[in-house]
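The values are calculated or read from the model by the stated rules, or taken from the named source; none is laboratory data. Note that the structure is predicted; figures quoted are calculated from it, not measured. For neighbour counting, all protein chains shown are included, and Cβ atoms are generated from backbone atoms with ideal geometry for every residue, glycine included.
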Amino acid sequence: MGGLIGPWAVNLVSCGYLNSTDRMVIARCLGPEQFFLERVVFPFELLSFQCPEESELEIWTHGLGGAELVETIPTRDLLVEEPDSSRTLALEARGNGSFESAA
């Protein structure tokens, strides 16, 4: 799905990151054309977001010495498959208020 960021046309992709740790983290997505997204991600939470294709996601946590960069992930590794809009399910209404597949 494409989108616009500022005056530049940028192709946005859908991504997802699962915080599988038991600690809150900060997710920072950095991309081209000064794209920046920062979100708090709670333990076991799934963050869904859109960003330019060439972006990277940085995962930060807070340690004894301050903020610590835990990992950097290319967003191409976080791509979420878009539902195939060409696949539709035809349904027929039945007399009792339920539906059944017409295929």
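So, in the range 58-83, exactly how many residues are touching a Leu at 6+ places or on another chain (Cβ under 7 Å) and outside any strand (DSSP E or B)?
2
If you go through the range 62-76 one residue at a time, do you hit one that is touching a Gly at 6+ places or on another chain (Cβ under 6 Å) and at pLDDT below 95?
Checking the range 62-76: not a single residue is touching a Gly at 6+ places or on another chain (Cβ under 6 Å) and at pLDDT below 95.
Out of GLU54, GLU58, which single residue is surrounded by 13 or more Cβ atoms within 10 Å (Cβ to Cβ), at pLDDT below 95, of a type in the set (Asp, Glu) and more than 12 Å from the chain's Cα centre (by Cα)? Quick ask: steps written out before the conclusion?
Values: GLU58 fails: at pLDDT below 95.
Just one listed residue meets the conditions, GLU54.
The conditions are (1) touching a Gly at 6+ places or on another chain (Cβ under 6 Å); (2) assigned to a helix (DSSP H, G or I), and CYS51 fails exactly one of them. Which is it?
Against the list (1) touching a Gly at 6+ places or on another chain (Cβ under 6 Å); (2) assigned to a helix (DSSP H, G or I), CYS51 comes up short only on (2).
Residues that are crowded, with 18+ Cβ neighbours inside 10 Å and either under 16 Å from VAL80 (Cα atoms) or in contact with an Asp or Glu (Cβ under 6 Å, 6 or more places away or on another chain) (or both): does the range 37-45 have at least one?
no
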